[in-house]
Amino acid sequence: MASTKTYTAIFVVLMALSTTQALVEWAGLLEDYYWEVLAVILVLSTLKALAVAGYYMHLRDEPRSITYVAMAGVIGFFALTAGASYSII
C-alpha cells in the first residue's frame, strides 16, 4: 500500500496534467493546429489514465495478468475509437 506522500504526489501530478490540458484547449489553437493539439491532449489524457490506473486502482500491486486484461481493454478502446473516427472522416 502506498503512503500518503505518494498519493499526494500523484494527486499533484494529476492536477498539473489536467491544468496543462485545460490550458492547451483554452489557448484556441484547435483551428490552426488541430492534429498537433489533439495529439498533445491524447498524450496528456493517457498519462492521467495510467497514473489513475496504476496508483489509485492499485494495478501496480496486482498480478501481471490483471494488468494485461486492463491493457487489452485500453487497446480495444483505441481500436474502436480509431475505427469510428475513420468512418467519420
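The values are calculated or read from the model by the stated rules, or taken from the named source; none is laboratory data. What you see is a predicted model; the values in this text were computed from it and never measured. Here Cβ is always computed from backbone atoms with ideal geometry, including for glycine, and neighbour counts include all displayed protein chains.
Quick check on my filter: what residues within segment 1-38 are among the hydrophobic types (A, V, I, L, M, F, W, C), more than 30 Å from ASP61 (Cα to Cα) and exposed (fewer than 13 other Cβ atoms within 10 Å of the Cβ)?
Correct list: ALA22, LEU23, TRP26, ALA27, TRP35, LEU38.
Exactly one of these conditions fails for ARG60: (1) within 25 Å of ALA16 (Cβ to Cβ); (2) at pLDDT 85 or above; (3) not β-branched (Val, Ile, Thr). Give me its number.
(2)
Restricting to segment 45-89, what's the tally of residues that are among the aliphatic types (A, V, I, L, M) and outside any helix (DSSP H, G or I)?
The total comes to 2.
Can you find a residue that is assigned to a helix (DSSP H, G or I) and in contact (Cβ under 8 Å) with a residue 40 or more places away in the chain anywhere in segment 10-31?
yes
(1) within 29 Å of THR4 (Cβ to Cβ); (2) without any contact (Cβ under 8 Å) to a residue 40 or more places away in the chain: which one isn't true of ALA51, the others all being true?
(2)
Can you pull out every residue in segment 39-68 that is among the small types (Gly, Ala, Ser) and surrounded by 11 or more Cβ atoms within 10 Å (Cβ to Cβ)?
Across segment 39-68, the qualifying residues are ALA39, SER45, ALA49, ALA51, ALA53, GLY54.
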